[in-house]
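The block underneath contains the structure these notes are about, expressed in structure tokens.
The values are calculated or read from the model by the stated rules, or taken from the named source; none is laboratory data. Given the structure is predicted, the values throughout are model-derived calculations rather than measurements. Virtual Cβ from ideal backbone geometry, glycine too; neighbours counted across all protein chains shown. To get the accessible areas, we keep the full protein, side chains included, count just its heavy atoms, and leave off ligands, DNA and RNA. Shrake-Rupley method; radii C 1.70, N 1.55, O 1.52, S 1.80 Å.
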Amino acid sequence: MRESPHATRSRDSILRDILTPIAENVVDVDEDLLTHLPRNHLNVMTIHQSKGLEFPLVIVDVGADFKMDHPKQRFKRFPSAPSNVAVAEDDLAPYTEVGALRTRRTAMDRTFEDLIRLYYVAFSRPQTALLLVGHTNLLAYQCKIKNVATFWQQSGAWPWRANTPTPGRRPPASVAGIGILEL
């Protein structure tokens with residue numbers, strides 16, 4: 001019965017009419033409807049929706065959109081300029097009580113920290129396994145597309161490739177020519 005034409009049309013309809021519009025940001029998902037997440041189903045959600053939850057296996061897309069090093073995508077993976085939020089914080093700092101405290105770090109530092117916090121939420125959801133997926137250009141060992149989600153550091157160093165020690169940490173282990181980053 002599962003391989004009947006009806007089942008095939010049903011699967012195609014779900015992909016076309018439900019999942020594709022969500023992935024393309026054509027429709028919004030009402031997060032209040034996600035009160036119960038069955039353990040025997042695949043849960044697809046945004047990083048923000050997953051906050052506070054844990055799953056046996058978590059698959060995080062860290063670069064399906066990043067086929068090349070395009071300047072307009074950098075704010076999502078490895079910023080080259082401060083975010084609008086960091087700029088606004090700098091502009092409003094003189095008029096707030098805690099402004100000087102917040103702006104002790106540079107706008108670029110705060111921009112990177114915001115991106116790192118986002119991926120921290122995603123990477124801390126798994127109970128057992130974390131699987132990072134993305135475009136081959138981004139995940140290849142000789143990658144030149146910088147991405148915080150694949151552990152590029154703000155300095156531009158990538159311990160997986162450079163095999164250089166991070167200050168205060170042991171150097172990444174090397175397995176068959178591939179660097180493994182210890183978290």
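Just for segment 45-76: of the residues that are touching a strand residue (DSSP E or B) at 6+ places or on another chain (Cβ under 9 Å) and among the aliphatic types (A, V, I, L, M), which one is nearest to Gly156 (Cα to Cα)? So the residue we want is Val62.
Considering only residues that are assigned to a strand (DSSP E or B) and aliphatic (A, V, I, L, M), which ones fall in segment 50-66?
If the condition is that a residue be assigned to a strand (DSSP E or B) and aliphatic (A, V, I, L, M), then Leu57, Val58, Ile59, Val60, Val62 are the ones that fit.
Residues in segment 77-100 that are aromatic (Phe, Trp, Tyr) and either under 23 Å from Gln153 (Cα atoms) or modelled with pLDDT of 90 or more (or both): Phe78 only. For segment 87-120, the candidate set comprises residues that are among the small types (Gly, Ala, Ser) and in contact with a Pro (Cβ under 9 Å, 6 or more places away or on another chain); within that set, the residue that is farthest from His48 (Cα to Cα) is Ala100. For Leu101, the stated conditions hold: it is in a helix (DSSP H, G or I) and more than 18 Å from Val148 (Cβ to Cβ).
Thr96 satisfies every condition listed in (1) open to solvent by less than 30 Å² (accessible area, probe 1.4 Å); (2) more than 18 Å from the chain's Cα centre (by Cα); (3) of a type in the set (S, T, N, Q) except (1).
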